[in-house]
Amino acid sequence: MANYIDLANLIFPNITTTIEDLEKRYPKRDLPEGAMVTRFAPSPTGFLHTGSLFTSLVSSYYAKQSNGVFYIRLEDTDTKREIAGSGASLVEQLKVFDVIPNEGYISDEEELGNYGPYKQSERAHLYNTVIKHLISVGRAYPCFCSVDDLAELRKEQEANKEIPGYYGKYARCRDLSVDEAIERINNGDPYIIRFKSMGDHNNKVEFHDEVKGDLTLTENDQDIIILKSDGLPTYHFAHLVDDHFMRTTHVTRGEEWLSSLPIHLELFDTLGFERPKYGHLPVIMKVDEGVRRKLSKRKDLEAAVSYFLEQGYPKYGFIEYLLTIANSNYEQWREQNLDKDFYEFKMSFDKMGIDGALFDIAKVANISKERMAYKKAKDLCEEVKTWAKQYHEEFYNKIVADEDFFVSILNIEREKEKPRKDYAKYSDIYPIISFFYDDVYSTIDYSTVEWNPTMNKENIKAVLEDYANTINMELNEEEWFNSIKELSVRHGFADNIKVWKKDKESYKGHVGDVSEMLRIALSGRKNSPNLYCVIQILGKEKVIERINNTIKSL
């Protein structure tokens, strides 16, 4: 009469290693007390989701602030959904946002660290060793049920209004004798391997979650699949083995995994593995027609991190926005520490929200605008140049053709106590400042420009000609504005808006109208950066040239 060990040897004849061997091969890490070992474990099935960036940022942040280890593990066992090259692409996008692993998967050709391989598809030996052990002690078994068998089971459960799944009396292969199982395997019957649960869904399990606190969960009783017919493990089983032998101390993941936690806890306890600490993070939500829902890969552009890269949101703005989701006290800390790097902020689990966080793209823009405004023009130039090189070739070519000129444009009302806040992302810049470049300015059709309807062409010409004839580039900004007031008075305009409002009949307009004439002549638009700065950057010759071109077009 055969026993469990015979069954295990039949299924895994080439596995001679034991769990004890693996414990020696992957010893506990020699790290300072309190150091966290965290991970990001993406599947190479598409783009980097904003929610995934959030969870990976939190994981890497905790490892960094605790002098621990953050690693990346590629969970590539779902071969049907795998997209070639997407694993390496995910790592590259994470790098843009400073989520850089200390070890782990780097690309399909490169990995770092002593706890690998870091691709699940290359870790079959570990999984099979552990599964062989489970079979040998009667806690895993081969299941020969077909797809039709499982469909029949489900129908029966639905008819009986019972919980669906493969458990208890519905686990048909659970109680097959070892001899029956061996006979069927020898006959070539297809099978998968299931974990034999000892739980009962009528019981509860107590658990402390780092984010959500003390929880009471329904005990697992499902005999989950741990090895598929293609010889690859399921997520539930593989990630658990990996977290143990990679010595993960803290698992931070989306709260959608909370319902699976009882399965993972039972597997840890069955194997005698120390449980890592779990923190289930709030899922990033969106309000759609009044209904809260998870950010959707199919419906929402902002669900893909690539969207923010293409649009040119600065990484520090986006990271800081995610930190406001991660910890409720981040914004208060930032207000009190404007001059500090955000990595000096101390993240804590007890300041994390327990409800789904609403994604607010307007807030991303506001934070980005605030941070970009305080960047030195030279530094911002480098950021914009890097972005434009990949996403806006025309803009990039203009920057590198005369970098000093571009820096002077960026420096308009910057590097002061209250700088201008015109840009929320790099892609905002070119549309606002493109008129500085002659080839763009030359395309302006002044016949379509909307001049102030109260201004006739003769007034506009007279004002522009006078300014061109009297321009003085040596004036400071206050002196220059006084000269604009004098220009206004010479042509019948009030030098003060309040004066004009009190007696509109006595004036053609006010000093603001005169400034607008100049602004349109030099930029082709009613709104532009500080007009005095525009004039200083363009220089006298170009200012006069543009004024003359405008007069000719009227």
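The values are calculated or read from the model by the stated rules, or taken from the named source; none is laboratory data. Remember, it's a predicted structure, so these values are computed and weren't measured experimentally. For neighbour counting, all protein chains shown are included, and Cβ atoms are generated from backbone atoms with ideal geometry for every residue, glycine included. Protein only, heavy atoms only, side chains kept; ligands, DNA and RNA dropped before computing areas. Shrake-Rupley method; radii C 1.70, N 1.55, O 1.52, S 1.80 Å.
Here are some notes:
- Count - residues of segment 250-274 that are of a type outside the set (D, E), touching a Leu at 6+ places or on another chain (Cβ under 9 Å) and open to solvent by 30 Å² or more (accessible area, probe 1.4 Å): 3
- The residues in segment 287-298 that are closer than 25 Å to V99 by Cβ and open to solvent by 30 Å² or more (accessible area, probe 1.4 Å) can be counted, and the count is 3.
- Among the conditions (1) in contact with a Ser or Thr (Cβ under 6 Å, 6 or more places away or on another chain); (2) within 23 Å of F195 (Cα to Cα); (3) open to solvent by less than 30 Å² (accessible area, probe 1.4 Å); (4) not small (G, A, S), Y141 misses just one, which is (1).
- Within segment 271-287, none of the residues are closer than 17 Å to G51 by Cα, among the charged types (D, E, K, R) and part of a loop (DSSP other than H, G, I, E, B).
- Entry remark, segment 431-456: residues being open to solvent by 50 Å² or more (accessible area, probe 1.4 Å), closer than 21 Å to E393 by Cα and in a loop (DSSP other than H, G, I, E, B) number 2 in total.
- Filtering segment 121-138 to residues that are in contact (Cβ under 8 Å) with a residue 40 or more places away in the chain and either open to solvent by 20 Å² or more (accessible area, probe 1.4 Å) or more than 29 Å from R172 (Cβ to Cβ) (or both) leaves S121, R123, A124, H125, L126, N128, K132, H133, S136, V137.
- Candidate set from segment 410-420 (those that are in a loop (DSSP other than H, G, I, E, B) and not charged (D, E, K, R)); member that is most open to solvent (accessible area, probe 1.4 Å): N411
- The single residue among T38, T45 that is of a type in the set (V, I, T), under 23 Å from the mean Cα position of the chain (by Cα) and over 24 Å from F273 (Cβ atoms) turns out to be T45.
- Count of residues meeting criterion [open to solvent by 20 Å² or more (accessible area, probe 1.4 Å) and either assigned to a helix (DSSP H, G or I) or in contact (Cβ under 8 Å) with a residue 60 or more places away in the chain (or both)] in segment 59-77: 2
- A search for C-beta distances below 7 Å between a residue of segment 86-107 that is crowded, with 18+ Cβ neighbours inside 10 Å and any residue that is part of a strand (DSSP E or B) and at pLDDT below 90, counting only pairs 6+ apart in sequence or on different chains, returns V91/S107.
- When every residue of segment 124-145 is checked against the conditions, none turns out to be at pLDDT below 95 and in contact with a Pro (Cβ under 7 Å, 6 or more places away or on another chain).
- Subset tally (residues that are within 24 Å of G46 (Cβ to Cβ) and touching a residue at least 24 places away in the same chain (Cβ under 8 Å)) for segment 253-299: 17
- Inter-residue pairs, beta-carbon under 7 Å, first without any contact (Cβ under 8 Å) to a residue 24 or more places away in the chain and in segment 386-407, second open to solvent by less than 80 Å² (accessible area, probe 1.4 Å) and aliphatic (A, V, I, L, M), 6+ apart: Y396/A388; I399/V384; I399/A388
- From the options G492, G509, G524, G539, residue that is out of contact with any Lys or Arg (no Cβ under 6 Å at 6 or more places or on another chain), surrounded by fewer than 17 Cβ atoms within 10 Å (Cβ to Cβ) and in contact (Cβ under 8 Å) with a residue 12 or more places away in the chain: G539
- If you go through segment 302-324 and keep only what is over 19 Å from K421 (Cβ atoms) and open to solvent by 20 Å² or more (accessible area, probe 1.4 Å), you end up with E302, S306, Y307, L309, E310.
- The set of residues from segment 208-231 being among the hydrophobic types (A, V, I, L, M, F, W, C) and either modelled with pLDDT of 95 or more or surrounded by fewer than 17 Cβ atoms within 10 Å (Cβ to Cβ) (or both) comprises L215, L217, I224, I225, I226, L227.
- Complete set of residues in segment 439-454 that are without any contact (Cβ under 8 Å) to a residue 12 or more places away in the chain and of a type in the set (D, E, K, R): D439, D445
- Number of positions in segment 8-58 that are open to solvent by less than 40 Å² (accessible area, probe 1.4 Å) and not in a helix (DSSP H, G or I): 16
- Selection status of Y423, open to solvent by less than 30 Å² (accessible area, probe 1.4 Å), touching a residue at least 40 places away in the same chain (Cβ under 8 Å) and within 45 Å of the chain's Cα centre (by Cα): yes
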